[in-house]
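Worksheet: the structure to be examined is printed underneath.
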2 protein chains.
Amino acid sequence: MGTRGVSHRDAECPVARTVDVIGDRWSLLIVRDVLDGIHRFSELQRNLGLAKNILATRLRELVNQGILELVPAADGSAYQEYALTGRGRELFTVIVALRKWGEHHLFAEDERHSDLLEITSRQPVELHVTNAAGQPVTAEDAFVRKVSEG
Amino acid sequence: MGTRGVSHRDAECPVARTVDVIGDRWSLLIVRDVLDGIHRFSELQRNLGLAKNILATRLRELVNQGILELVPAADGSAYQEYALTGRGRELFTVIVALRKWGEHHLFAEDERHSDLLEITSRQPVELHVTNAAGQPVTAEDAFVRKVSEG
C-alpha cells in the first residue's frame, strides 16, 4: 500500500484484508458521511475539513476498491455524486462498531454526542456479538482458527 | 493528530473520536494481534512485518490512549508485555465487524480464511446490528441525530 508499508491483501486474515481496503481514518469518515447522506465532493470536503487533493485521492481509492461509485446527481443537475455500492453499504456494521465503542469510552458522562437511531422507533441502534444461539460472546470466549489448523 | 491532519477529538460524533484513537491500519492490526494472544514486541514485529520504529510509535500511542498497557511478562521473566486494558478489550466488536465484512466481501468463494470461533461451541462468532427489540437494522433503517437536534 505505497508509503504505508506492507500490503495485507493476500492475507488469510479477513481483518487484515479489510484494513487494507478501509483502515484509514479518512476512508472510514468518508464512508460514515456517505452513509449519512453526504454525496457531493464539496459537501464532503466541508464536513471533513480535508484538503481537496487528499479527499480526491481517498475517494478515488474507495471507487477503485468498489466501496463507492460515481452516479448522476439525484437532483438531475450535471453534477456527479458519490454513492455507496452494495458492499460499501455493508460497512454500516463497521461504522456502528466504531460509534458504539466511542460512545461508551470517549465521552464524559455529561457530554453529549450524536446518536444513531432506528427511523421507525427512534431508539438507538444496538450492536451484538453472539454465538450461533444468540448468546453474547466477548473476546475471552473466542479464538481465531488459522487456515493451517482448518 | 500530527501529520495526519485535523483532529476529531472534540467532535460530537463518536465515530470521529474513535477513528482518531484507533483509525489507522497498524493500530487496528496491533489490537487484533493482542486480542489473539500476541503480547511481546518481538512477536508483534514478526507477525506484522512492521519496522521497529513504526511499531514502537504505534504501541506508545495505544498506551497513551489507554488501549494497551505494559505488564510484567506472564512467564515471570524480566520482560514486559503489552496487554489490552478493559476499554481496549472492548475493541473486540470493532475487530469482529472488520473481520465479518472482509470474510463476506474480500474472499473468493473457494478461498480459505481464518475463522473467529466461540471456544465452547467451535462455531463462528456472529455480529448483529439490531433495534431495541432485537430485529435486524440496516443502513437504510437508521439515521444520525445530531446533538443540535437533540
Failed item in (1) within 26 Å of B:ARG145 (Cα to Cα); (2) touching a strand residue (DSSP E or B) at 6+ places or on another chain (Cβ under 9 Å), with A:ALA78 passing the rest: (1)
Failed item in (1) in a helix (DSSP H, G or I); (2) farther than 17 Å from A:ILE95 by Cα; (3) modelled with pLDDT of 95 or more, with B:THR3 passing the rest: (3)
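Can you list the strands (runs of 3 or more DSSP E) lying wholly within the range A:71-134 that have 1 or more residues being open to solvent by 40 Å² or more (accessible area, probe 1.4 Å)?
A:80-84, A:126-130
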Which listed residue is of a type outside the set (Lys, Arg), free of Cβ contacts under 8 Å to residues at least 40 places away in the same chain and farther than 29 Å from B:SER42 by Cβ, from B:ASP110, B:ASP75, B:ASP115: B:ASP110
Lone unmet requirement of (1) modelled with pLDDT under 95; (2) open to solvent by less than 20 Å² (accessible area, probe 1.4 Å) for A:LEU28: (1)
Test set (1) open to solvent by less than 30 Å² (accessible area, probe 1.4 Å); (2) outside any helix (DSSP H, G or I) - A:ASP33 fails condition number: (2)
So B:ARG60, is it modelled with pLDDT of 95 or more, part of a helix (DSSP H, G or I) and under 21 Å from A:HIS128 (Cα atoms): no
Criterion: farther than 30 Å from A:VAL147 by Cβ and within 17 Å of the chain's Cα centre (by Cα) - qualifying residue of A:VAL19, A:VAL96, A:VAL15, A:VAL63: A:VAL63
Residue among A:LEU84, A:LEU44, A:LEU68 that is at pLDDT 95 or above and touching a Ser or Thr at 6+ places or on another chain (Cβ under 9 Å): A:LEU68
Output for the range A:92-116, where each listed residue is more than 7 Å from chain B (Cβ to nearest Cβ) and aliphatic (A, V, I, L, M): A:ALA108
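The values are calculated or read from the model by the stated rules, or taken from the named source; none is laboratory data. Please read all numbers here as calculations on a predicted model, not as lab measurements. Neighbour counts run over all protein chains shown; Cβ positions are idealised from the backbone, glycine included. To get the accessible areas, we keep the full protein, side chains included, count just its heavy atoms, and leave off ligands, DNA and RNA. Shrake-Rupley method; radii C 1.70, N 1.55, O 1.52, S 1.80 Å.
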